[in-house]
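Q: If you scroll down you'll find the structure; I have some questions about it.
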C-alpha cells in the first residue's frame with residue numbers, strides 16, 4: 001500500500017485519522033497489533049538497474065480505514081514515492097495484513113463505521129549486487 005488501491009469508499013472514516021505511530025497510551029496496544037501485522041507482510045523490493053538490484057531510499061504515506069470488526073475499508077496512497085513499485089508494495093502490504101483486530105469501542109468516534117489510520121513507510125537504501 002497505489003492510487004488504484006482504494007478498496008471501498010471512505011465514507012465517514014476519512015473525517016480525521018490516527019497516526020499509526022501515535023504515542024497515545026490509550027491507543028498504544030491496538031496500534032501495536034496493527035503495526036505488527038503490517039510488519040509481518042511488508043517487503044522491500046529491489047529495483048533492477050542493469051545487472052544490479054538497487055534498494056532505493058524513499059518513503060510512502062498511506063491512509064487506510066479499519067471497520068469496527070477489523071475488516072479493511074479502504075487504502076489510499078496519500079504521498080507517493082519516486083519509485084512506483086514501493087507505492088504498490090505499501091498498498092499490497094496493508095491489504096495482505098488485513099483483517100485487523102476489531103477496533104476497541106473507545107477508539108471509535110460516535111456514529112462512525114470505521115477508524116482511519118495514516119502511516120509512513122520509510123525505505124532506507126542499500127545496494128545488493130547480483
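The numbers here are math on the coordinates, done by the rules we state, and not lab data. Note that the structure is predicted; figures quoted are calculated from it, not measured. Neighbour counts are summed over all protein chains in view; Cβ atoms, including those assigned to glycine, are modelled from backbone coordinates with ideal geometry.
Q: Using only Cα atoms, what is the ratio of the radius of gyration of segment 3-129 to 2.2 N^0.38 Å?
A: The reported ratio for this selection is 1.12.
Q: What is the spin-label model distance, in nm, from residue 48 to residue 105 if the labels are put 7 Å beyond Cα along the C-beta direction?
A: Using points 7 Å along Cα→Cβ, the separation is 5.4 nm.
Q: Then there is this: Using a simple spin-label model with points 7 Å from Cα along the Cα→Cβ vector, what separation in nm is obtained for residue 39 and residue 79?
A: 2.2
Q: Same structure again: Working out 0.36 nm times the residue gap between residue 69 and residue 26, then minus their Cα-Cα distance, what length gain in nm do you get to one decimal?
A: Computed gain between residue 69 and residue 26 is 13.6 nm.
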